[in-house]
Amino acid sequence: MTHAPYTLYRKYLNLTLVCLSVLFVQFAYSATYTEQELKKLATLAPDSPNLRQSLETLKEKSKGKDIESRLLYGKVLLSAKEYNESLIVLKTINTDVEPRALVLMGLAYSFKKEYSEEVRMLEILKKTQPESEYVLTKLAEAYFKIKNPAKSVEVLKELIKKQPKKKKGYFQLFDVYENTKNSYEIRVLLADMKELFPNDPEVYTRHCKYYAVGGFLEQAIESCTKATTLDSDNAENHVYLGLTKKNLKDEAQAEKIIKKAAQQFAKSELAQYTAGQLSDESKNWEVGSRYYKKCVTFHPDSNRCHRGLAKASFEMKQYEVALKSFTLACDKDPQARNEFRNAITLLRTKNRHDLADMYNKKFEGCGLSD
């Protein structure tokens, strides 16, 4: 009986410790961060000599118990593209206590193209950040990368349900539907977006492009006309309005709109290429070549503009310019390879065998870097 008070005390102490443990675990899993905090954490500094010099100092600091030091070291390792080393460091952090480590581990797996592991990290993170736009959009992206668009759609619909007034989830869902060629769901989604975000320039720009490219001409005219009013500084809106007019056989108005867009938006690849195509149709090669030259000046990686310049230059017998443009375009552009081959055949029929041989030598290297 003399030990009864001590026994009761031990039982009370054990019960208290259990309760505290439960509270600690609950606190750990309830840790939430703002969108700004998560996005800031996921924003990496560019790799640089100064950044790499800081690694040794951070490495020493990360050996202690300070979680912030280990998070920072893991993040800097990511910036330095040391993905495996970063994961080793981040895995020493108890993610039950500090879910921010999951954000960085998700990035590391994404950089390593291990998307299934990225999904796993983000699904765990989602338990503590169920409302986070950052987490849900990244998770949807990761599911799409592992060829699970149905799960991607499910996650994005969950985001839209939780945050119906934010546009990002809708746009990302649109991209998934577009990539999976789900035209019915696209049209339903576009109608919903138009109702939820009336007079929103981004929404009408998306409407305009989809309906113009898809051949829904009446809807395209309405959307593109309004899009040019809501966002007159977006070249895309003007170009797709012009193309829609063209498809409706209003050739004069189409030409006026497209040429004005090319003049107004000198740096727009779409505007310069479309104006070049319009000139090609009327065999106005000289004017077309000017549009294509402007295009490749600002967009040297535009294969279609190099292809257009090659064709226009060839028609004007500017064979050296054409050869250079064919060579730049043919590596990644199958259509350019076909036109390059046709140009060689045409040169041979004209008995320009010297030029044909020169062209053929360059043509043989096409596609080798694919």
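The table below gives the values:
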{"read-out": "Exclusive hit being without any contact (Cβ under 8 Å) to a residue 24 or more places away in the chain and over 30 Å from Lys157 (Cβ atoms), set Glu255, Glu269, Glu286, Glu218", "value": "Glu255"}
{"read-out": "Any hit, segment 165-185, residues being surrounded by 15 or more Cβ atoms within 10 Å (Cβ to Cβ) and over 24 Å from Lys138 (Cβ atoms)", "value": "no"}
{"read-out": "Looking only at segment 330-351, and only at residues there that are assigned to a loop (DSSP other than H, G, I, E, B) and without any contact (Cβ under 8 Å) to a residue 24 or more places away in the chain, the one that is farthest from Arg307 (Cα to Cα)", "value": "Asn351"}
{"read-out": "Those residues of segment 244-276 which are buried (at least 18 other Cβ atoms within 10 Å of the Cβ) and in a loop (DSSP other than H, G, I, E, B), in sequence order", "value": "Phe265, Ser268"}
{"read-out": "Residue ID - farthest from the chain's Cα centre (by Cα), chosen from residues in segment 15-49 that are part of a helix (DSSP H, G or I), surrounded by fewer than 13 Cβ atoms within 10 Å (Cβ to Cβ) and at pLDDT 80 or above", "value": "Pro49"}
{"read-out": "Subset of segment 81-104 [assigned to a helix (DSSP H, G or I), crowded, with 20+ Cβ neighbours inside 10 Å and touching a residue at least 24 places away in the same chain (Cβ under 8 Å)]", "value": "Val89, Arg100, Ala101, Val103, Leu104"}
{"read-out": "Selection count, segment 282-323, where residues are under 23 Å from Thr345 (Cβ atoms), in a helix (DSSP H, G or I) and charged (D, E, K, R)", "value": "5"}
{"read-out": "Extreme residue, farthest from the chain's Cα centre (by Cα), among residues of segment 356-370 that are part of a helix (DSSP H, G or I) and surrounded by 19 or more Cβ atoms within 10 Å (Cβ to Cβ)", "value": "Ala356"}
{"read-out": "Number of the exception - Lys157 against (1) on the phi < 0 side of the Ramachandran plot; (2) among the charged types (D, E, K, R); (3) in a loop (DSSP other than H, G, I, E, B)", "value": "(3)"}
{"read-out": "Every residue from segment 277-315 that is in contact with a Ser or Thr (Cβ under 8 Å, 6 or more places away or on another chain) and either hydrophobic (A, V, I, L, M, F, W, C) or over 20 Å from Cys366 (Cβ atoms) (or both)", "value": "Trp285, Val287, Gly288, Ser289, Tyr291, Cys295, Val296, Leu309, Ala310, Ala312"}
{"read-out": "Unmet requirement for Arg352, which otherwise passes all of (1) surrounded by 15 or more Cβ atoms within 10 Å (Cβ to Cβ); (2) closer than 25 Å to Arg290 by Cα", "value": "(2)"}
{"read-out": "Looking only at segment 287-312, and only at residues there that are among the hydroxyl-bearing types (Ser, Thr, Tyr) and surrounded by 24 or more Cβ atoms within 10 Å (Cβ to Cβ), the one that is farthest from the chain's Cα centre (by Cα)", "value": "Ser289"}
{"read-out": "Given (1) under 20 Å from Lys40 (Cα atoms); (2) among the β-branched types (Val, Ile, Thr); (3) under 20 Å from the mean Cα position of the chain (by Cα), index of the condition Ile160 fails", "value": "(1)"}
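The values are calculated or read from the model by the stated rules, or taken from the named source; none is laboratory data. Just so you know, these numbers come straight off a predicted model, no measurement behind them. Please note: Cβ atoms are built from the backbone with ideal geometry, for glycine as well, and neighbour counts cover all protein chains shown.
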